[in-house]
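See structure below.
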Amino acid sequence: MTSKTVFICGCAVLLLMSCASKKKNLIVLLPGPDGQVGQIVVENRGGTQTLTEPRQATEIRAVDVSPTPPVSMKEEEVLKEFGEALSALPEAPIRFLLHFINDTSKLTPESQRRIPEILRTIEARKSKDISIIGHADRVGSRKDNQRLGLERAVSIKNLFVSRGVDPSGIEVVSHGEDDPLIVTEDNVPEPRNRRAEITIR
């Protein structure tokens, strides 16, 4: 069997599986792009093992033999085994959060000051894949907040385009009041929910 590497990227999890021979599958749990580590259950007909720590590893030697007890690998061991494959991974997305003045699509002064940093990131990555999601708090009707969220996303897109960003690589969408950072009752103002989320890939 030829050597191969399989990547599964999940919520705060990066799993590496190396099929080094017919007799062994090595599975290693690594931190996600944000540095957080989830967990993964490795299971076959022989039993299960759960990996929960950075660089924990288990081997599957046969389909009817339980995976080996988890052991910790050193970072240099992981790089030796998977370095070439890891270097081929795409860069993780970079996310920014901007906030707006109540009932407007005008950025707060603090968020206005973040625009140059975002533009530098787009330029450095030569990004052609940018998403902007507009949000609102729960003051006003759901319909009006959907519209306001879209106005906020479009205003950020227009700002980027005016600074030379290619509009064809920008996607805008509104979540209105439906995806709050801070859950509130209806008609309760919440500045942290008046936002746009920008993802640069």
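The values are calculated or read from the model by the stated rules, or taken from the named source; none is laboratory data. This one's a predicted model, so the numbers in the text were calculated from it and none came from an experiment. In this analysis, Cβ positions are derived from the backbone assuming ideal geometry, glycine residues included, and neighbour counts consider all displayed protein chains.
Among residues of the range 125-150 being of a type in the set (V, I, T) and either touching an Asp or Glu at 6+ places or on another chain (Cβ under 6 Å) or not in a loop (DSSP other than H, G, I, E, B) (or both), the one that is surrounded by the fewest Cβ atoms within 10 Å (Cβ to Cβ) is I133.
Residues that are assigned to a helix (DSSP H, G or I), among the β-branched types (V, I, T) and modelled with pLDDT of 95 or more occur at least once in the range 155-169. For the range 49-94, residues that are outside any loop (DSSP other than H, G, I, E, B), surrounded by 13 or more Cβ atoms within 10 Å (Cβ to Cβ) and not β-branched (V, I, T) total 11. For the list (1) under 27 Å from S127 (Cβ atoms); (2) modelled with pLDDT of 85 or more; (3) hydrophobic (A, V, I, L, M, F, W, C); (4) part of a strand (DSSP E or B), I need the number of the one condition that F7 fails. Tallying (1) under 27 Å from S127 (Cβ atoms); (2) modelled with pLDDT of 85 or more; (3) hydrophobic (A, V, I, L, M, F, W, C); (4) part of a strand (DSSP E or B), F7 fails exactly one: (2). Evaluation of V37 against the conditions (1) touching a Pro at 6+ places or on another chain (Cβ under 9 Å); (2) modelled with pLDDT of 65 or more; (3) in a strand (DSSP E or B) shows that the sole unmet condition is (3). Residue-level analysis places E110 outside the set of residues that are part of a helix (DSSP H, G or I), under 23 Å from the mean Cα position of the chain (by Cα) and exposed (fewer than 13 other Cβ atoms within 10 Å of the Cβ). For the structure I just gave you, tell me whether G140 is within 24 Å of the chain's Cα centre (by Cα), under 16 Å from F100 (Cα atoms) and of a type in the set (G, A, S). Taking the combined requirement at face value, the residue does not satisfy it. Got at least one residue in the range 90-101 being of a type in the set (V, I, T), in contact (Cβ under 8 Å) with a residue 40 or more places away in the chain and closer than 30 Å to E117 by Cα? Yes - at least one qualifying residue is present in the range 90-101. Among the residues of the range 172-182, is there at least one that is in the same structural domain as S131 (by TED's automatic domain parsing), loosely packed, with under 13 Cβ neighbours inside 10 Å and part of a helix (DSSP H, G or I)? No, there is no match, as no residue in the range 172-182 is in the same structural domain as S131 (by TED's automatic domain parsing), loosely packed, with under 13 Cβ neighbours inside 10 Å and part of a helix (DSSP H, G or I). Being under 26 Å from the mean Cα position of the chain (by Cα) and buried (at least 16 other Cβ atoms within 10 Å of the Cβ) is the filter here; which residues of the range 33-48 pass it? Hits for the range 33-48 are V37, I40, V42.
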